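Reading through the structure tokens given below for one structure.
Throughout, read-outs are computed from the coordinates displayed, never taken from laboratory work. All values reported here derive from a predicted model rather than from experimental measurement. Cβ coordinates were reconstructed from backbone atoms using ideal geometry, including for glycine residues, and neighbour counts include every protein chain displayed.
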Amino acid sequence: MSWTINYLPEAAADRDKLDGSVKAQVRKGIQKVAENPLPKAEGGYGNPLGNIGGANLTGLYKIKFRDIGIRVVYGLKREGKTMTIVVISMREDNKVYTEAKKRREKHSI
């Protein structure tokens, strides 16, 4: 059973800015991970984040799209089985993670 996927408003804007074919790949990847977004240690697809470039992202997870250079950062609410997309961005240095930290603080994720 898939988890419910929610997007922060900023993440929805990130998604909408993507080119058509890239957008389709990202959407498909997110839907696949939503089938079991738990950490890999628990049998899921989640790649846990920790401290990256001075940003404490513990409790958040990432999806890497290596071929297109996109990173998706998401959080989980286990009680309601909700996966919240925090940021969708190109992997430019640690920009995606810096943005994830800002959005996490703003939205209390």
Looking at segment 17-41, which of its residues are loosely packed, with under 11 Cβ neighbours inside 10 Å and either closer than 17 Å to LEU60 by Cα or of a type in the set (A, V, I, L, M, F, W, C) (or both)?
ALA41
Segment 1-23 residues that are without any contact (Cβ under 8 Å) to a residue 40 or more places away in the chain, paired with ones that are aliphatic (A, V, I, L, M) and surrounded by 13 or more Cβ atoms within 10 Å (Cβ to Cβ) (beta carbon under 7 Å, 6 or more apart)
SER2/ALA34
I'm told ILE68 meets every condition in (1) more than 10 Å from the chain's Cα centre (by Cα); (2) under 19 Å from PRO9 (Cα atoms); (3) among the hydrophobic types (A, V, I, L, M, F, W, C) except one. Can you identify the failing condition by its number?
(2)
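Residue-wise test of (1) under 23 Å from SER2 (Cα atoms); (2) out of contact with any Leu (no Cβ under 6 Å at 6 or more places or on another chain).
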{"site": "GLU42", "(1), (2)": "yes, yes"}
{"site": "ILE52", "(1), (2)": "no, yes"}
{"site": "ASP67", "(1), (2)": "no, yes"}
{"site": "VAL73", "(1), (2)": "yes, no"}
{"site": "VAL87", "(1), (2)": "yes, yes"}
{"site": "GLU92", "(1), (2)": "no, yes"}
{"site": "LYS101", "(1), (2)": "no, yes"}
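Please pick out the residue among ASP93, ASP67, ASP16 that is at positive phi and either out of contact with any His (no Cβ under 8 Å at 6 or more places or on another chain) or hydrophobic (A, V, I, L, M, F, W, C) (or both).
ASP93
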Which residue pairs have Cβ atoms under 6 Å apart, sit 6 or more places apart or on different chains, and have a first residue in segment 86-98 that is under 13 Å from ARG66 (Cα atoms) and a second that is surrounded by 14 or more Cβ atoms within 10 Å (Cβ to Cβ) and among the aliphatic types (A, V, I, L, M)?
SER89/VAL96
